[in-house]
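Have a look at the structure below before the remarks.
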Amino acid sequence: MKISNIQQVTMANNLKLLVLLCVLFFVKHTSFAQGEGLFKSKCSSCHQIHKNGTGPMLNGARQRWVDAGEGELIIKWVQNNAALRASGASKRAAAVFKEYGGSQMTVFSDLTDDQVNQILDYADAQPKEDPSKAGTNVGSQDPNATQTNEDGGLGIMWIILAVLFIIVILSVGGVRRQLKVASTGDESYNQLTYWDEFKTIAWKYRGITGIVGLVLTITILVVVFKSLYSINVMQNYQPSQPIAFPHETHAGINGIDCKYCHNSVTKSKHAGLPTVNVCMNCHKQINGEGKPFAGEVKKIYAAAGWDPSFGPAGGYRNTKGKPLVWNKVHVLPDHVYFNHSQHVVVGGIDCKQCHGDMKQMKETAKVLPIEELNKVEGNIKLSKATLTMGWCIECHGAKEVTIGDGKNAYYDEIHSRLKKNKTLYKQYLANDGKLTANELGGWECAKCHY
Ligand code: HEC
Ligand code: HEC
Ligand code: HEC
Ligand code: HEC
Ligand code: HEC
Ligand code: HEC
């Protein structure tokens, strides 16, 4: 099967196209990831993608401004909505402000035009969620949904990367051999297949091939590095919740034990979140009458199916109610194994080391950035972003585990076994007198990954 010159040219063009597509794909992907990160850290506390919440849904927001003939001004709005409104230059700004009863949106003067565009691109690109999966609560923004999207994106990218990489390697390797055959005048040179010819072209345009190789190698390194250590889209993540539940009032001022509501934290992998019945234990009496939070307590009653005006002391109208669906704040990918009782009971680590001082949390829970966690008294100081692999690894290398003090059967057992094995004992303890989680296997991939 021989190839004409025209076919050669087409193939060369295809190669160029491939390079272009490749570059576009990466640029798009990175800017998307940034848009997502910015959305989650700065906007998601008030905005959802497909649902109106504290603020309007962001999917289609750009179109709404374009429809109002003010497509350009949406950037100014996000950067400083108060200033735009004050200037009187935007009808949409005035309208949406009125529609939301004069709620104030935060000013984001630190965001560049590009960053605002990345957020809006991200919001517009999100497919509408399956309505059957969306909860009935106000904040049904499901963090898992975005998680899957992200994984899908990465999956496709890896496949494309792998295919391209193989092509490049094969081409560079194979072509050399071809040239040798050609210079020795071997007849088989004329029996070239499309694939052989492709390799020849790849060699001929080795400049481009080289660039592809370079772009790929760098991208792979960046992607791997980022995903392992620093994709911190979770920082400051604070999804909306069905009820504005403040930890300060409960765990702080009223001193309720964490385990009263997160009752499996010492027993299992999960800490668990309270059902509405737990709230009702107290809120049957504490109805908030005349207090600013009366509306929030009404939501508890609605969820429980409780009617305070039913009979002399109130009663359950319908036993089903609608369950409270709390949106998960701290989310690890499915392939990671994390166990609360291991850390809290065996490791003896306080909740505030990982979640901050919840007794002072006036709003609903959020993922505190590592800088905030480091400010909490008694916490060991770490440097990697909260909830990233780097964070887990760093602590496993830093956190000393208490041994042989008779308080912790798990470690006493290890200690006695270590004492019998002199070499190990020396290695672990005698050199620095410390035993850290990593020395017990806390750095093994399989301990944390399914
Ligand atoms: C503290 C809550 C809050 C935060 C945080 C917030 N917004 Fe808003 N946003 C609002 C409210 C409320 C409105 C409705 C207008 C008003 O009342 O000022 C709004 C309106 C908007 C609009 C206009 C939508 C339309 O339909 O015209 C856009 C666009 C927008 N926000 C983008 C963002 C982006 C992007 C971020 C993150 C960088 C963000 N907002 C963060 C509360 C917030
Ligand atoms: C009266 C019940 C109650 C008590 C007591 C309580 N919590 Fe919570 N906690 C909740 C509820 C309800 C939520 C879900 C709403 C939210 O995210 O703020 C929650 C959420 C959380 C979250 C975020 C969960 C996630 O989805 O990632 C953490 C972390 C947390 N609590 C830690 C604590 C700690 C630490 C204490 C003790 C100092 C504590 N809680 C005491 C009810 C309680
Ligand atoms: C070593 C760090 C660490 C400590 C200590 C810790 N947590 Fe967590 N917590 C996490 C991580 C990581 C997640 C996310 C788990 C996931 O997605 O599988 C989480 C999730 C949660 C959740 C959400 C529900 C769940 O089970 O996933 C609650 C509630 C919670 N923690 C409460 C607590 C309480 C209360 C304590 C103290 C008794 C505590 N945590 C101690 C790291 C920690
Ligand atoms: C052990 C008792 C107890 C439990 C359980 C309890 N609460 Fe409360 N809650 C209180 C007390 C006490 C107050 C403060 C009342 C006051 O200040 O008058 C309060 C206040 C509140 C407030 C208003 C807080 C504010 O400062 O704005 C909300 C909202 C609330 N609770 C929601 C919940 C929810 C949701 C649950 C279930 C997850 C729950 N509570 C479980 C005792 C409890
Ligand atoms: C604040 C410090 C700290 C952080 C953060 C932390 N860990 Fe740990 N971890 C420990 C300690 C201490 C132990 C106890 C060592 C043991 O049980 O062998 C431990 C043990 C473990 C173990 C059991 C290891 C074994 O040898 O059996 C696993 C699995 C684990 N952690 C996973 C995680 C994951 C996943 C994360 C991040 C999401 C994480 N840890 C974050 C301190 C931490
Ligand atoms: C102490 C727990 C821990 C250990 C040990 C650990 N990992 Fe991880 N790893 C994690 C966590 C947590 C994440 C999720 C980080 C995130 O979502 O940003 C992760 C993410 C990853 C990812 C990225 C996938 C993604 O979702 O982006 C890869 C790949 C990975 N780990 C490979 C490894 C390999 C290989 C090892 C052994 C050398 C290892 N891990 C050891 C906790 C651990």
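Go through segment 338-352 and give me each residue that's of a type outside the set (Val, Ile, Thr) and either over 20 Å from the mean Cα position of the chain (by Cα) or surrounded by 19 or more Cβ atoms within 10 Å (Cβ to Cβ) (or both). Can you show your working first?
Here is the first cut: in segment 338-352, the residues of a type outside the set (Val, Ile, Thr) are 338-343, 347-348, 350-352.
Answer for segment 338-352, where residues must be of a type outside the set (Val, Ile, Thr) and either over 20 Å from the mean Cα position of the chain (by Cα) or surrounded by 19 or more Cβ atoms within 10 Å (Cβ to Cβ) (or both): His340, Ser341, Gln342, His343, Gly347, Gly348, Asp350, Cys351, Lys352.
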Members of segment 42-71 found to be under 30 Å from the mean Cα position of the chain (by Cα) and charged (D, E, K, R), listed by number = Lys42, Lys51, Arg62, Arg64
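Looking at segment 307-317, is at least one residue at pLDDT below 90 and hydrophobic (A, V, I, L, M, F, W, C)? Break it down into steps so the answer makes sense when it comes.
Here is the first cut: in segment 307-317, the residues at pLDDT below 90 are 307-317.
Within this subset, residues satisfying the condition of being hydrophobic (A, V, I, L, M, F, W, C) are 310, 313.
Yes, that holds for at least one residue.
Just for segment 424-437: of the residues that are at pLDDT 70 or above and over 14 Å from Tyr411 (Cα atoms), which one is least open to solvent (accessible area, probe 1.4 Å)?
Applying the first criterion (at pLDDT 70 or above) to segment 424-437 yields 424-428, 434-437.
From what is left, the residues that are over 14 Å from Tyr411 (Cα atoms) are 424, 426-427.
Numbers: Leu424: 58, Lys426: 143, Gln427: 110 Å².
By that ranking, first place goes to Leu424.
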Checking Lys359 against (1) open to solvent by 50 Å² or more (accessible area, probe 1.4 Å); (2) assigned to a helix (DSSP H, G or I); (3) over 27 Å from Ile253 (Cβ atoms); (4) at pLDDT 90 or above, the condition it does not meet | (3)
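Taking the stated definitions as given, is Lys259 of a type in the set (D, E, K, R) and near ligand 2 (Cβ under 9 Å from one of its atoms)?
Numbers: of a type in the set (D, E, K, R): yes; near ligand 2 (Cβ under 9 Å from one of its atoms): yes.
Against the criterion (of a type in the set (D, E, K, R) and near ligand 2 (Cβ under 9 Å from one of its atoms)), Lys259 qualifies.
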Does Ala294 satisfy the criteria of being more than 15 Å from ligand 3 (Cβ to nearest atom) and open to solvent by 30 Å² or more (accessible area, probe 1.4 Å)?
-> no
Residues in segment 106-122: is at least one outside any helix (DSSP H, G or I), near ligand 1 (Cβ under 9 Å from one of its atoms) and either outside the structural domain of Ile49 (by TED's automatic domain parsing) or open to solvent by 70 Å² or more (accessible area, probe 1.4 Å) (or both)?
-> yes
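Would you call Asn59 surrounded by fewer than 16 Cβ atoms within 10 Å (Cβ to Cβ), out of contact with any Ser or Thr (no Cβ under 9 Å at 6 or more places or on another chain), within 27 Å of Ile243 (Cβ to Cβ) and among the polar types (S, T, N, Q)?
no
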Can you tell me which residue within segment 372-407, out of those that are open to solvent by less than 30 Å² (accessible area, probe 1.4 Å) and farther than 21 Å from Leu332 by Cα, is modelled with the lowest pLDDT?
-> Val401
How about segment 260-289: which of its residues are small (Gly, Ala, Ser) and either within 8 Å of ligand 4 (Cβ to nearest atom) or over 26 Å from Asn339 (Cα atoms) (or both)?
-> Gly288
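Every residue in segment 318-340 that is more than 16 Å from ligand 6 (Cβ to nearest atom) and at pLDDT 90 or above, please.
Within segment 318-340, the first condition is being more than 16 Å from ligand 6 (Cβ to nearest atom), and the residues that meet it are 318-327.
Within segment 318-340, Trp326 is the sole residue that qualifies.
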Please indicate, with yes or no, whether at least one residue in segment 273-286 is in a loop (DSSP other than H, G, I, E, B) and either of a type in the set (Phe, Trp, Tyr) or in the same structural domain as Ala437 (by TED's automatic domain parsing) (or both).
-> no
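Just one of Gln353, Gln427 is assigned to a helix (DSSP H, G or I) and either more than 10 Å from ligand 3 (Cβ to nearest atom) or among the aromatic types (Phe, Trp, Tyr) (or both); which is it?
Values: Gln353 fails: either more than 10 Å from ligand 3 (Cβ to nearest atom) or among the aromatic types (Phe, Trp, Tyr) (or both).
Only one candidate qualifies: Gln427.
Check Glu289, Glu372 and return the single one that is among the charged types (D, E, K, R), within 14 Å of ligand 2 (Cβ to nearest atom) and not in a strand (DSSP E or B).
Values: Glu289 fails: within 14 Å of ligand 2 (Cβ to nearest atom).
Within the list Glu289, Glu372, the selection yields Glu372.
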Hits in segment 309-336 (condition: open to solvent by 70 Å² or more (accessible area, probe 1.4 Å) and over 25 Å from Pro239 (Cα atoms)) = Ser309, Phe310, Pro312, Ala313, Tyr316, Arg317, Asn318, Thr319, Lys320
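The values are calculated or read from the model by the stated rules, or taken from the named source; none is laboratory data. Note that the coordinates shown come from a computational prediction; the quantities given were computed from them, not determined experimentally. Neighbour counts run over all protein chains shown; Cβ positions are idealised from the backbone, glycine included. For the accessible areas, the whole protein counts, side chains as well, though only heavy atoms, and no ligand, DNA or RNA atoms are used. Shrake-Rupley method; radii C 1.70, N 1.55, O 1.52, S 1.80 Å.
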